[in-house]
Amino acid sequence: MKHLMSGNEATARGVYEAGIKVCSAYPGTPSTEILENLPQYGEDVYCEWAPNEKVGTEVAYGASVAGSRSLTTMKMVGLNVAADPLFTAAYMGVGGGYVIVTADDPSCHSSQNEQDNRHYARFAKVAMVEPSDPQECKDFVKLACEISEEFDTPVLYRTTTRVCHSKGLVEFGERTEVTPKPYARNTRKFICAPANAFQNHPLVEERLKKLEEYGCTRALENGLNKMELGDGKVGVVTAAISYQYAKEVFPEGTSFLKLGLTYPLPMDLIRDFASKVETLYVVEELEPFMENEMKAAGIPCSGKDKTGVMYELNTQLVRERMLGEKPNFKTVDDIAVAKRPPALCPGCPHRGFFYTLSKNKNYVVTGDIGCYTLGFAPPLNCMDVCICMGGGFSAGMGMAKSFEREGVTDKVVFGVVGDSTFFHSGMTGAAEILYNGGKMIPCVLDNRITGMTGHQENPGTGFTLMGKEAPMMNIEKIFEAYGYAPVLTVDPQDLKAMKETVDKAVAALNNGEHPAIVTRRPCLLIKRIKQPKAMCVVNADKCKSCKSCLKVGCPAISMENGKAFIDRTQCVGCTVCAQACPFDAIEMEEN
Amino acid sequence: MAKVKSALLVGVGGQGAILISKIMSNGFMKAGYDVKQSEVHGMAQRGGSVSTQVRWGEKVYGPVFGRGEADIMVALEKMEAVRYAEFLNPDTGVAVINDYAIKSTTIASGAEEYPEGCIEAMAKNFNTIAIPASDIAIQLGNAKCMNVVLFGAMCDSLGCPEIDWEQIVAETVPEKVRELNLKAFRAGREAAAKAK
Ligand SMILES: Cc1ncc(C[n+]2csc(CCOP(=O)(O)OP(=O)(O)O)c2C)c(N)n1
Ligand code: SF4
Ligand code: SF4
């Protein structure tokens, strides 16, 4: 029987079937559902949310050193965080099969850049496997483990949004139980001392040659690489999701060389394929990763000049760009469609914090990545910079130092991170601010969950990925341990308390103290926390149409017939708009 | 089973487009088609514009198609129909639209206006079936079954008369809400037959 499942669900199944025993990861779209789908395999696979990708990569590496097959997953920017262990693990090699999933996001559906992580495979000199559909997502995990063990290399398992989130039919296999050799210390291999590194580098170079040969031979037998010969006129070298598009679009008779092992490229195989066709194309998303290597190896080919280096492809784009067929479509131009950007949910706990800070134009807010990034959007307009996870504290430090040097005295800098982000990489920034005397106020918006990526547990929530209770780390105590004082905790939904807290913190800062703020209220969408049902309504007689309530930026309020109006299907009765109304025109509905 | 067919489902996050794609996929799988389905998710917040693609046929390769390639488009909200209109095949495509408006945040804040005449404009350009699926669902006692009302309205435009869609709906939805959803399905199918 076949199962309809997404690439990520299939990868999780692949983890189970491959006999992988330890998985550690930090969530990030589009990779998150792999780990989320592992607890169903119970005791067979240990899985956990790590505080960040570097930790997850190291935990999985340790498990590999001890002998277990292991895996870590991350979104593409996560590999920037985890690059340090990757590059050295590449020199030291592995014990049990070691797989690092990097999920790229062409078109930036939910990411801060469009980096092509295939470059990491070449940079770190490790093997790279790229599945193109859910069946391969499942099957290739096992092959990746085998490659890792045979060639003594970490394997980069590279997917993209459309591979992760597209569903297709998958046939299951049995789980392979893998029993590792008894553990024995091996310092020559696993200590990254310079003398060892020096000796390891030649092994790495040799390994790449062996992998290339494998790609030309055995990878054709086990289905990682596939050659489909046609009439010999046009040949396409392709991989991953691009194969699916090209296969659908190119006419019958086209030859395909579809690669599942994309680093190192099997150059002899490609050369052989090239000799069998008159015209050779390369179809790949983003960078000319394969094309440039092929050209450097002296194989004439083209593709990037047509497909472009930006954004994802689809069937229509491949048809248009590679075959020159213009699409036939119509737009409805006489209607001005309004934008529909994401916004903080009605009742979001972050709203009160940003609403309060938005009232003072001298407040500079260095934000970070999470639901709360949306504090930048109108009408809150309450963020100056947001660069990467953890950057909210450290970029704020830089701004504060610059203001100090430049003699700017009227600005107050608030560094803002979420609870998950605090544990990810905010804590190092918090140390930096205190250590180096930053004149700024670090704030943690603790909504009791990793919200943005779909609500995962973290070290502050009291639960693990496998649903067990866990020690709940206390953010205030961490601040206090660093030496921050006063550490102020506040319910962000209480606007009066929120303003008093901010004022208190600013006064303390101006007094030479080291204040920190923790706002605490759970995100509304956490399933295990029951939220009271409530609703607010506008008393139209009292409403003076001043639009003050619209400034809280809640999707549930708008103006209708000249008066404020609350959409009953959306409002959750958080009362933030009611507190913002100067005329008490918004009332809690008795229920 | 000839060429691959493509459907585009659009709406606002939280409206329940996923259930429609699930019913479709279950029906196609049961009838022996290959199926691929693609959605972009990852933002936790409610209320953004969302789209899902479903493709079926003897063998489906690409999970994602582009402009002018949808045989059918289902819009759970009418402004979203206009936003994604370019994906519909202009000659043979069918648009099935819920005659219902949801304001976006930019509209709520007064920065933009909700456009008039979305359905009329779609009907001028495409073979369009518009039904008040949300109102029908509310009359049936549960606004949430709007998605199944709309599925009832679209199922006869999928071009798979061999599939007993009512049966598939019954098999796909949870036991507790089966009766409600079957009513919703029938009401939508009838409304579409009348609207044609
Ligand atoms: C290095 C890196 N890893 C992962 C992500 C994906 N990501 C974006 S926001 C987020 C979670 C933020 O959670 P939290 O700080 O608790 O804020 P919330 O969304 O709950 O407001 C994650 C994991 C990322 N953008 N960058
Ligand atoms: S998911 Fe939670 S934290 Fe994110 S915007 Fe919605 S209520 Fe706020
Ligand atoms: S009470 Fe006001 S701010 Fe809160 S959810 Fe309802 S409309 Fe939005």
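Derivation of every value follows stated rules applied to the coordinates shown; laboratory data play no part. Just so you know, these numbers come straight off a predicted model, no measurement behind them. Virtual Cβ from ideal backbone geometry, glycine too; neighbours counted across all protein chains shown.
The set of residues in segment A:360-373 being more than 16 Å from ligand 2 (Cβ to nearest atom) and either closer than 22 Å to A:CYS345 by Cα or part of a loop (DSSP other than H, G, I, E, B) (or both) consists of A:ASN360, A:LYS361, A:ASN362, A:VAL365, A:THR366.
For the residues A:ALA12, A:ALA63, the requirement of being assigned to a helix (DSSP H, G or I) and in contact with a Leu (Cβ under 6 Å, 6 or more places away or on another chain) singles out A:ALA12. The residue of segment A:545-572 that is nearest to the chain's Cα centre (by Cα), among those that are surrounded by fewer than 19 Cβ atoms within 10 Å (Cβ to Cβ), among the hydrophobic types (A, V, I, L, M, F, W, C) and part of a loop (DSSP other than H, G, I, E, B), is A:VAL572.
For segment A:476-494, state whether one or more residues are more than 30 Å from A:LYS411 (Cβ to Cβ) and either within 14 Å of ligand 3 (Cβ to nearest atom) or in a loop (DSSP other than H, G, I, E, B) (or both). Within segment A:476-494, none of the residues are more than 30 Å from A:LYS411 (Cβ to Cβ) and either within 14 Å of ligand 3 (Cβ to nearest atom) or in a loop (DSSP other than H, G, I, E, B) (or both). Checked against (1) surrounded by 13 or more Cβ atoms within 10 Å (Cβ to Cβ); (2) in a loop (DSSP other than H, G, I, E, B); (3) touching a helix residue (DSSP H, G or I) at 6+ places or on another chain (Cβ under 8 Å), A:GLU174 passes all but a single condition, namely (1). Screening A:LYS551 against (1) more than 18 Å from A:TYR355 (Cβ to Cβ); (2) more than 10 Å from ligand 3 (Cβ to nearest atom) leaves a single unmet condition, (1). The one condition from (1) within 24 Å of A:GLY7 (Cα to Cα); (2) more than 7 Å from every other protein chain (Cβ to nearest Cβ) that B:GLN37 does not meet is (2). Of the listed requirements (1) facing chain B (nearest Cβ under 10 Å); (2) part of a loop (DSSP other than H, G, I, E, B); (3) touching a residue at least 40 places away in the same chain (Cβ under 8 Å), A:MET389 misses just one: (1). Of the residues that make up segment A:374-384, is at least one more than 11 Å from ligand 2 (Cβ to nearest atom) and part of a helix (DSSP H, G or I)? Within segment A:374-384, one or more residues are more than 11 Å from ligand 2 (Cβ to nearest atom) and part of a helix (DSSP H, G or I). For segment A:433-464, a residue qualifies if it is surrounded by fewer than 24 Cβ atoms within 10 Å (Cβ to Cβ) and more than 15 Å from ligand 2 (Cβ to nearest atom), and the qualifying residues are A:LEU434, A:TYR435, A:ASN436, A:GLY437, A:LYS439, A:PRO459, A:GLY462, A:PHE463, A:THR464.
Anything in segment B:40-68 that is under 25 Å from B:PRO174 (Cβ atoms), facing chain A (nearest Cβ under 10 Å) and among the hydrophobic types (A, V, I, L, M, F, W, C)? List them, or say none. Once the filter is applied, which keeps residues that are under 25 Å from B:PRO174 (Cβ atoms), facing chain A (nearest Cβ under 10 Å) and among the hydrophobic types (A, V, I, L, M, F, W, C), segment B:40-68 yields B:ALA44, B:VAL50, B:VAL54.
The set of residues in segment A:403-442 being away from ligand 1 (no atom under 12 Å from the Cβ), assigned to a strand (DSSP E or B) and not aliphatic (A, V, I, L, M) consists of A:PHE414, A:GLY415, A:PRO442.
Residues of segment A:240-268 that are of a type in the set (A, V, I, L, M, F, W, C), under 25 Å from the mean Cα position of the chain (by Cα) and assigned to a helix (DSSP H, G or I): A:ALA240, A:ILE241. Screening segment A:269-299 for residues that are touching a Ser or Thr at 6+ places or on another chain (Cβ under 8 Å) and of a type outside the set (A, V, I, L, M) and picking the one that is surrounded by the fewest Cβ atoms within 10 Å (Cβ to Cβ) gives A:LYS276.
Residues are listed down the side, and each one gets a yes or a no for (1) away from ligand 1 (no atom under 15 Å from the Cβ); (2) outside any helix (DSSP H, G or I):
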| position | (1), (2) |
| --- | --- |
| A:GLU500 | yes, no |
| A:ALA507 | yes, no |
| A:PRO522 | no, yes |
| A:LEU525 | no, yes |
| A:LYS530 | yes, yes |
| A:ALA534 | yes, yes |
| A:VAL537 | yes, yes |
| A:CYS543 | yes, yes |
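All conditions in (1) part of a helix (DSSP H, G or I); (2) over 19 Å from A:THR72 (Cα atoms) hold for A:ASP139, with the sole exception of (2). Annotation: of all residues in segment A:443-481 being small (Gly, Ala, Ser), out of contact with any Asp or Glu (no Cβ under 7 Å at 6 or more places or on another chain) and closer than 24 Å to A:LEU374 by Cβ, the one that is farthest from ligand 1 (Cβ to nearest atom) is A:GLY454. Checked against the criterion of being closer than 27 Å to B:ALA193 by Cα, of a type in the set (A, V, I, L, M), at the interface with chain A (Cβ under 7 Å from one of its Cβ atoms) and in contact with a helix residue (DSSP H, G or I) (Cβ under 7 Å, 6 or more places away or on another chain), the candidates B:VAL74, B:VAL82 yield just one match: B:VAL82. Among the conditions (1) more than 10 Å from chain A (Cβ to nearest Cβ); (2) surrounded by 24 or more Cβ atoms within 10 Å (Cβ to Cβ); (3) not polar (S, T, N, Q), B:ASP99 misses just one, which is (2). For the structure I just gave you, tell me whether A:LYS530 is without any contact (Cβ under 8 Å) to a residue 24 or more places away in the chain and within 16 Å of ligand 2 (Cβ to nearest atom). Here the answer is yes, as A:LYS530 does meet what is asked.
In segment A:300-323, the residue that is farthest from the other protein chains (Cβ to nearest Cβ) out of those that are under 22 Å from B:VAL60 (Cα atoms), surrounded by fewer than 21 Cβ atoms within 10 Å (Cβ to Cβ) and not hydrophobic (A, V, I, L, M, F, W, C) is A:ARG321. Does segment A:193-208 contain at least one residue that is under 30 Å from A:MET310 (Cβ atoms) and surrounded by 12 or more Cβ atoms within 10 Å (Cβ to Cβ)? Yes, some residue in segment A:193-208 is under 30 Å from A:MET310 (Cβ atoms) and surrounded by 12 or more Cβ atoms within 10 Å (Cβ to Cβ). Whether any residue in segment A:346-366 is aromatic (Phe, Trp, Tyr), closer than 27 Å to A:MET76 by Cβ and away from ligand 3 (no atom under 16 Å from the Cβ) is what I want to check. No: zero hits. Can you pull out the residues in segment A:223-239 that are surrounded by 22 or more Cβ atoms within 10 Å (Cβ to Cβ) and not in a loop (DSSP other than H, G, I, E, B)? The answer is A:GLY235, A:VAL236, A:VAL237, A:THR238, A:ALA239. Can you confirm whether segment A:512-519 contains a residue that is farther than 30 Å from A:PHE583 by Cβ, within 16 Å of ligand 1 (Cβ to nearest atom), among the aliphatic types (A, V, I, L, M) and in a loop (DSSP other than H, G, I, E, B)? Within segment A:512-519, not a single residue is farther than 30 Å from A:PHE583 by Cβ, within 16 Å of ligand 1 (Cβ to nearest atom), among the aliphatic types (A, V, I, L, M) and in a loop (DSSP other than H, G, I, E, B).
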